[in-house]
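Visitor: Here it is: the structure, laid out below.
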Amino acid sequence: MKILFPVFALCIAMVASMADGRAQTAQTAQEIVDRAATVYTSAGSYSAQVTTRDVNVMIFPSDSGAPRYETRSIRYQRILIKLRKPGDWLLIRQNSYSSGGDPMGSGGGSGIPDRVMTTILMKSGATPAKHGSYNGGRTTLREVPEAQFSGLLESRLSGTMGEPDIVLKNFRPSAGVSGNIALGLVNPQIKTEEANATAYCIVAQTTTGRSLTLWIDKGSFLIQRVVAQSTGGMNRFRSGPTMGPPQFSPSGGVSFSETVYDQRISPALGSSDFTTLPPDLDKIDVSQTGFYAIADLVKLATPPAASVFGEPGAQPPSGAVVTPAPTPPPAPVAPTPTVTEQQVLSTEQMEGIVLIDGDEGTATGFMTQIKGVDFVVTNQHVLGENKKIILKNLHGEVVPVLQIFGAVGSDIAIMRIAKGQGKLKLAEDVLKSVKIGDKIVVVGNRLGGGVATQTSGHVLGVGPTRIEVNANFEPGNSGSPIFATGSNEVVGVATYAETRRAAVEESASSNSFGSASPSKVDKRWFGYRLDGITKWEAINMERWHAQGERIEKFRDMSEALVAVIRLNWKKAAANERLATLIGDFEARAQKLGSNRVGMADEVKSLIYNVRNLAESGIRDFESGEYYDYYRTCLYWEESVPMQVEYRKAIVAVLKKYEANSSTYLSKMRNGGGN
């Protein structure tokens, strides 16, 4: 499938007329947004560096009445993009997690994120499309089919907080993403309080209901900055072996996604621009980006006493979605300094902490003895997709691994080493070593910062295989020891977190920032016990990764089958086997023209073939041999039984469409296939 774009005439003339500043005084917010949308959709070539910062801020009450703010996590994303229509692309996407930084600082930390992960998409003229990555100074690229390249572009050209970037969505492979709605924005209004001499400030909602504030240059009509805000403290973090869906912190949090654009429309781009990579792929220097101070973001999220829709006292237009404006809190102040918590583990015990760095993620382990043999203990999900992992002690020395074992029925891995360090002792019987309410600490590589940090909490519950605590361990803490301060023993291994939201009745004590759907957040942290493990199986890493890749391919096929059900042909055709079926169907359908009966038969035949492919995949998948972890783990992404159940549900839907192909055909005729 080819990448198609609407091509509009007079692009250069329109940009020139906008740049000279004529007829600027009487524009409405909608006219401003419409002009900006036209600039982007009309662009023949485009070059930009788009830098996004996701910030999770917790809000704490205080006796003085002034709230205290604390930055919990920061994630940076940078997209370097060059485009020359209709199909020359260079897109480099970089993601990095930072451990926070100055809670109320001007830029959030030093400006250099902790860890950068880079993916690359490249296509120029008739040269085959390429997909790859940059890691540790090494670039790896491989050729990919055109349909797969389009699907990868579709996913990479997306913003944060779960939906496409409002600028980049105009350059996605599927044309008309936002239909006739300019930039996908509704109810745009000029926010006079934030306007400046060079830019309009617009508040609006996306078609999905998310509130945004954006600044549009008065001369070029290019978007300079976008700030999105949501209550509940959204924070993506590892929940098992992969980065899961958004998880939520306790009420009293607010999350921001701030995007800054450095861009050019219609630059002179040559072929070399799409085949040459920049030299600094491993760096995201955000110190010069110009992000707002955290305090300014919090202020921006607080509705002013006067209406934001125009002049003071003005009323919002009919149908506008307005966040309720309760009495705003006092102006943000710097957080009250807190006393650094005293280190609980002794120096000798800290010697046993291990920092784990893999090519796909970071984690923690700790050295101890099991039946007189020295091991590093961590989680099996840490092995995950990491083809290579390096273990280092706190002196920076590499700890060689001799052999790896996985616990049967538990997400625990042990790595045999020649000689351990430290004095970390395992509890022989957790029920005798700790009781509910006892204090614990979790020590490990929080957020992959490359340092061992300490998080305190208490035991909330004990079960046959797991222990529940209220210590807020985060990504990078997988494999950290849960250390009971009373017994001076390790009673569990930090493994995963669960977050659930339950609707509650709105009351006067609701979050001061307002919430469209008040809810109670229940967040829980779990670790696995080691004292009850009776069986271990040796793990061969080559077989481990082969099994993991088999599960991943099966899961990807299931997602492609869902795309068929939803008539998303582009995503479905990214799968090679489905692309063949869809291509054959399209060829036969073109010959049939308006023959409705024939088309119904062809649709039925297509669904029959897709359903057979789905069912045969189940049989092949179930026939394989898997480590116990893949057969019993709690994580959907890695669980063979869960993946089989998911595929069976897909087959059931396909059977319904097969029995009533006219319904599916009707959906196709009514605008499916996006």
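Visitor: Quantify how much of the Cα-Cα distance distribution of segment 613-674 extends past 13 Å, in percent. Let's see the in-between values first.
Guide: Numbers: 1312 of 1891 pairs.
So the pairs more than 13 Å apart make up 69 percent of the total in segment 613-674.
Visitor: In addition: Give me the net charge for the shell around Ala407: Cβ to Cβ below 9 angstrom, other residues only, Lys and Arg +1, Asp and Glu -1.
Guide: Details: positive: Lys535; negative: Asp411, Glu537, Asp628.
For residues surrounding Ala407, the net value is -2.
Visitor: Which entries of Lys371/Lys535; Lys553/Lys656; Lys371/Lys419; Lys85/Lys571; Lys82/Lys571; Lys82/Lys570 have Cα-Cα distances beyond 18 Å here? Walk me through the numbers on the way to the answer.
Guide: Working: Lys371/Lys535 13 Å; Lys553/Lys656 25 Å; Lys371/Lys419 14 Å; Lys85/Lys571 21 Å; Lys82/Lys571 23 Å; Lys82/Lys570 22 Å.
Violating the 18 Å limit, Cα to Cα: Lys553/Lys656; Lys85/Lys571; Lys82/Lys571; Lys82/Lys570.
Visitor: Subtracting the Cα-Cα distance from 0.36 nm times the residue separation, let me have the gained length for Arg210 to Ser616 in nm, one decimal. Present the calculation step by step, with values, prior to reporting the outcome.
Guide: Working: separation 406, 0.36 × 406 = 146.16 nm, distance 4.14 nm.
My answer for the length gained is 142.0 nm.
Visitor: Quick one: Karplus J couplings for segment 627-635, per residue in order, coefficients 6.51, -1.76, 1.60, θ = phi - 60°, nearest Hz, x for Gly and Pro?
Guide: Couplings: 5, 4, 4, 5, 8, 10, 5, 7, 9 Hz.
Visitor: With +1 on the Cβ of every Lys and Arg and -1 on the Cβ of every Asp and Glu, and nothing else charged, how large is the dipole of segment 357-494 about its Cα centre, in debye rounded to the nearest 20?
Guide: Numbers: 13 positive and 13 negative charges, 68 e Å.
Dipole of segment 357-494, to the nearest 20 debye: 320 debye.
Visitor: Can you tally the net charge around Asn660? Count Lys and Arg as +1, Asp and Glu as -1, for every other residue whose Cβ sits under 14 Å from the Cβ of Asn660.
Guide: Working: positive: Lys604, Arg611, Lys655, Lys656, Lys667; negative: Asp601, Glu658.
Summing Lys and Arg as +1 and Asp and Glu as -1 gives +3.
Visitor: Where the Cα atoms of segment 420-479 are projected onto their three principal axes, how long is each span, largest first, in whole Å?
Guide: Taking max minus min along each principal axis of the Cα atoms, segment 420-479 gives 33, 28, 19 Å.
None of the figures in this text is laboratory data; all of them are computed from the coordinates on show. Predicted model only: the values in this text are computed from it and were never measured. FYI the Cβ positions are ideal-geometry reconstructions off the backbone, even for glycines, and counts take in every protein chain you see.
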